[in-house]
Amino acid sequence: MTVETTSAEKINQLFKAHSLDVQGVDQEFVTRFHTSLPKIQGLFQELYGVHEEADFQLLELLKCLIQGYQAREEQLRERDRNKAAEGYWFLSQHLAGMSLYVDRFAGNLETMPSKLSHLQDLGVNFLHLMPLFESPQGESDGGYAVSNFRKVDPRFGSLEDLIALRKTMHDQGMYLMLDIVLNHTSHQHDWALKAKAGEQEYQNYYYTYENRWIPNEFEQAMPEIFPESAPGNFTWNEEMKRWVMTVFHNYQWDLNFSNPKVLQAMVENMLFYANLGVDLLRIDAPAFIWKQTGTSCQNLPQAHTLLRLIKQCVQVATPGMALLGEAIVAPKDILNYFGTGDFIAQECDFAYNATQMALQWDMLASADTRVMLQAQADILRKPYGTSWITYTRCHDDIGLGYEDASIALTGKDPYLHRKFLKEYYSYSGDQWMSPARGALFSSNPKTGDARISGTLASLCGLEKALFEGNEPAIEQSIQKILLMQAYSILLGGLPMLFYGDEVGYTNDYSFQQDPSKSYDNRWMHRPQVDWNKVNRRKVEGTLEFQLFEGTKKLLAIRKAQDLFADLSNVSWMTPHNQHIAGLIRRKEEDRCYCLFNFSDQPAGLTWYAFREQGEPSTQLFDSWSEMSYAIGPDYEHLVIEPYGFRILTPR
Ligand code: GLC
């Protein structure tokens, strides 16, 4: 069976029923609609061709695109046009982001505007506000268990407050990023409540089973995401007397996207967010959105088809909203979220550069850049017109998910290397020399896997140094923090800082006393902001001052040069010294060499490294230290202090 090609007559009827002015004000929309229609039909056919109501559901989806467009206020349409005129607006080096919890950072949405100046002062103009929609207290997974996609959780304020904040932000030249939690809902969501009450219509929104047969079949190939706090992938629901798929926590019910009604409902929610004025929508956990027995239920081809379909829908109805796929998966799998084949650069506009993030922690612990360089074969394949979110820390753990092969190619044993990293960062006692203070997250004794929790500052040694009152160690951790930030800020993509890191927040262990958080040590790196501490950043000599000013300078350096726009213009220098990562950003004849020494010793790079790149100049200016260097003979070196870096432009 195939989806009937939607006839011109049906489309005309649809337009008429919605009073679209086809040749007048709505012409641009109508053009977008017609351009995307064949793709939408094709993708829909791939997913739902065999569904008994496929034709009807396709028309319903098209209707919701028209309604999404019609609900868009004129100012946002104008913003769409301006973005389109700019081309790939989101590749610009003028964007710099921060992720934050509104309550932990500012109190609530109403008080948030008063804190914008702190961010603007830093150079941040792009805000990822962590989940704001209703989520049951105590079973919220930091807001990623949503019970109502349209109602702001009263803890933060109201929908009106959110819209007011967005307007203020847009007026001040800022951008807004929010999440859509696509893979699951809270078990308290209306759909789940109806499913529990026995309504089959809503049981079909989830994966529910009366016995263990199918769940057992699934479990054979599905890994566990939170093996310690939420083992297994199914939960028995006594009210419903059925098993329900819960890949994350048992209170997060996986949505069943093989039901086209689920797709439609979630597209409606996405367009609702677009019409709140969201500039970038973070699609939470997209790797998981399609399930099939006999597979890991991650990264399935249908998940990509679904994302492509979503991209087309957004492109038609609310084109100014870009999409970010939060796919924290193996390096080569991440790349597929940008689209492949005919859909290259037509799936997610952004993905997290989770591989680079993990690798910078690898380099910091091992003082060795070789594993990172091995992984570039995958990373540099990012298609033009898409971009990375680059980051050092976020609200989640650090997974060491890069390929064993990248490690093995450097002559290291992958198992032992990962063991070393976990011990180095987790303060497990085995690496007592390690300055890092973090903890293992989601250890799985069955597979030996574990990820790492901890703030940037604690993982860089600041917590230990402060505890010991060790001044040189404090200075060194500040240097390491800035090295890590410089690396992710200059790497290519939209840098996304994590709140608190700009003033050096160390781990907060109070989550252990809160039963709704104690099972999840990621809370140690989600600080409750104390504005007295933050304000110390205005007092010269404080560590807050050094970190804030340093981060600010890095963002300013990036903004000042066009070659830091994400023009897919990243290459790596020959690793003449394995402690030094040498990144080159180019635009036409311009170039910038960004050099990072990940060692605790001074490291020298032969001047030949520049000559080898065809560098014709004799002088290099470092925007960080504001010093000039004469390029010396091949047998001499540029020497970089421990954990130091240089941002060199030829003069
Ligand atoms: C994403 C979020 C993470 C959450 C998970 C389940 O990975 O970043 O915090 O636990 O999805 O929603």
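The values are calculated or read from the model by the stated rules, or taken from the named source; none is laboratory data. All values reported here derive from a predicted model rather than from experimental measurement. Reconstructed Cβ throughout: ideal geometry from the backbone, glycine too, with neighbour counts over all protein chains shown. Ligands, DNA and RNA are stripped out before the accessible areas are found, and what is left, the full protein with its side chains, is counted by its heavy atoms. Shrake-Rupley method; radii C 1.70, N 1.55, O 1.52, S 1.80 Å.
Descriptive notes on the structure:
- Proximal aspartates and glutamates to Lys538, defined as alpha-carbon separation beneath 14 angstrom and excluding residues fewer than eight positions away on the same chain: Asp121, Glu502, Glu549
- Remark on the range 186-254: ratio of C-alpha radius of gyration to 2.2 N^0.38 Å is 1.04.
- Among the listed pairs Lys311/Lys332; Lys422/Lys480; Lys480/Lys533; Lys419/Lys559; Lys412/Lys464; Lys10/Lys261, those beyond 27 Å (Cα-Cα): Lys419/Lys559; Lys412/Lys464
- The chain, accessible area per residue, ligands and nucleic acids excluded (1.4 Å, Å²): 38
- Selected from Pro445, Ile640, Ala145, residue furthest toward positive end of dipole (the chain; charges at beta carbon): Ile640
- Of the GluC sites (Glu not before Pro) in the range 148-205, the ones in a loop by DSSP (not H, G, I, E or B) with at most 16 other beta carbons within 10 Å are Glu199.
- In the range 570-650, Cα pairs under 8 Å separated by at least six residues give a relative contact order of 33 percent.
- Debye, to nearest 20: dipole size of the chain, +1 on Lys, Arg Cβ, -1 on Asp, Glu Cβ: 500
- Looking at the range 208-308, none of the chymotrypsin sites (Phe, Trp or Tyr not before Pro) sits in a DSSP loop with at most 13 other Cβ atoms within 10 Å of its own Cβ.
- Qualifying aspartates and glutamates (Cα of each under 18 Å from Cα of Lys194; at least 8 residues distant if same chain): Glu134, Glu210, Glu238, Glu239, Asp254
- The range 570-650 shape via C-alpha gyration tensor axes, a/c threshold 1.5: rounded
- Mean Cα-pair separation over length for the range 186-254, i.e. relative contact order, pairs under 8 Å, 6 or more apart, %: 33
- Distance between the C-alpha centres of the range 78-94 and the range 414-469: 41 Å, rounded to the whole angstrom.
- Within the chain, the selection of entire DSSP H helices by a Cα span of 15 Å or greater along the long axis and an average Kyte-Doolittle value of at least 0.5 returns 260-276.
- Under the combined filter of DSSP loop state and at most 14 neighbouring Cβ atoms within 10 Å, the range 199-305 retains these trypsin sites (Lys or Arg not before Pro): Arg212, Lys241.
- Heavy-atom SASA rank of Arg72, Arg651 (probe 1.4 Å, accessible area, largest first): Arg651, Arg72
- For the range 186-254, the carbon plus sulfur part of the accessible surface works out to 47%, probe radius 1.4 Å.
- At 1.002 mPa s and 20 °C, Stokes D of the chain from Kirkwood alpha-carbon radius, µm² per second: 83
- Of Leu307, Pro602, His579, farthest towards positive along the dipole that unit charges on Lys, Arg, Asp, Glu beta carbons give the chain: Pro602
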